[in-house]
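The values are calculated or read from the model by the stated rules, or taken from the named source; none is laboratory data. Model, not experiment: these values are computed from the prediction. All Cβ positions, glycine included, derive from the backbone under ideal geometry; neighbour counts span all protein chains shown.
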């Protein structure tokens, strides 16, 4: 009888132990993360700066990332995750266990973003791009880009600050704040302007920011990279001759409409330091973030005698160049006649 009782106790103990082990396995190692959205490899989990554990747990539940909230909560607390919540962007694989998920989130090893800063014309465009990718506060970043006193600390102005951003692809942690972003981009600007590049700009009579301003005009004048150096040469010739640059893109910038197909007399009359038909020299700042190609063209202009250029009448995106105004009028008439023929206003 005693033997039967002991055997029963042993069997019950083994069953309970196996059940406990199975529960521990399920809680710790069994999959508890749902499959990612269709077409995605991962769940993108964003933990905002200042969040505590309860907010993370609520987000994981509401976004249907974890299957068993109670199971994750128990393991996360055992692993001390509530005291190690780090903001950031985390890529979470479907089928991860509670332990693996808690390990990832408490490690703070977030997945950064690669942000391509290209084809940006205005500060609002830049703010929209950055704040659509990062946690950066749009109001704070806008304030910094327009704060005269703050920018003066970095030898910048609200007019030229857009030129501080060198077109390239940069890697950022998602939880980058406005000031961290700004200072990082200022370092990138300083690193870009090596002694060699500064010397090239100086030999052409420009400071780095003036070179960026000129490059921004060259960038807007042509989509053809192989003629940027030649167009840069035209503008250098005009600057040397103290002629107005008469750059249509600066007028579009002054008007606030880059979609203009034709520059009319009413546009040329606008009162603005960016109206290079009215004022000689470079405008007070860049009219966009220029590409590296345009910057290199300005630093390495083609030497020639051209003072004028006009879009080719074949709409190839290339230009006809002229030394004299009389030649330029002929080229301009060809282009204007084609605009009229195509009824482009």
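The residues on offer are 122, 61, 148, 157, and the sole one that is surrounded by fewer than 16 Cβ atoms within 10 Å (Cβ to Cβ) and within 24 Å of residue 42 (Cβ to Cβ) is 61. Counting only helices (runs of 4 or more DSSP H) that fall entirely inside the range 173-229 and contain at least 2 residues that are in contact with a strand residue (DSSP E or B) (Cβ under 8 Å, 6 or more places away or on another chain), the qualifying elements are 178-192. Take residue 258 and decide whether it is in a strand (DSSP E or B) and either touching a residue at least 40 places away in the same chain (Cβ under 8 Å) or surrounded by 14 or more Cβ atoms within 10 Å (Cβ to Cβ) (or both). Judged against the criteria, residue 258 is not a match. Residues of the range 144-163 that are assigned to a helix (DSSP H, G or I) and more than 16 Å from residue 190 (Cβ to Cβ): 144, 145, 146, 148, 149, 150, 152, 162.
Here 266, 271 are screened, and the one residue that is exposed (fewer than 15 other Cβ atoms within 10 Å of the Cβ), part of a loop (DSSP other than H, G, I, E, B) and in the same structural domain as residue 230 (by TED's automatic domain parsing) is 271. Residues that are touching a strand residue (DSSP E or B) at 6+ places or on another chain (Cβ under 9 Å) and closer than 15 Å to residue 238 by Cα were ranked within the range 274-308; the one that is surrounded by the fewest Cβ atoms within 10 Å (Cβ to Cβ) is 304. Contact annotation: residue pairs with Cβ atoms under 7 Å, 6 or more positions apart or on different chains, pairing a residue in the range 300-321 that is farther than 30 Å from residue 202 by Cα with a partner that is in a loop (DSSP other than H, G, I, E, B) and at pLDDT below 90, are 317/223.
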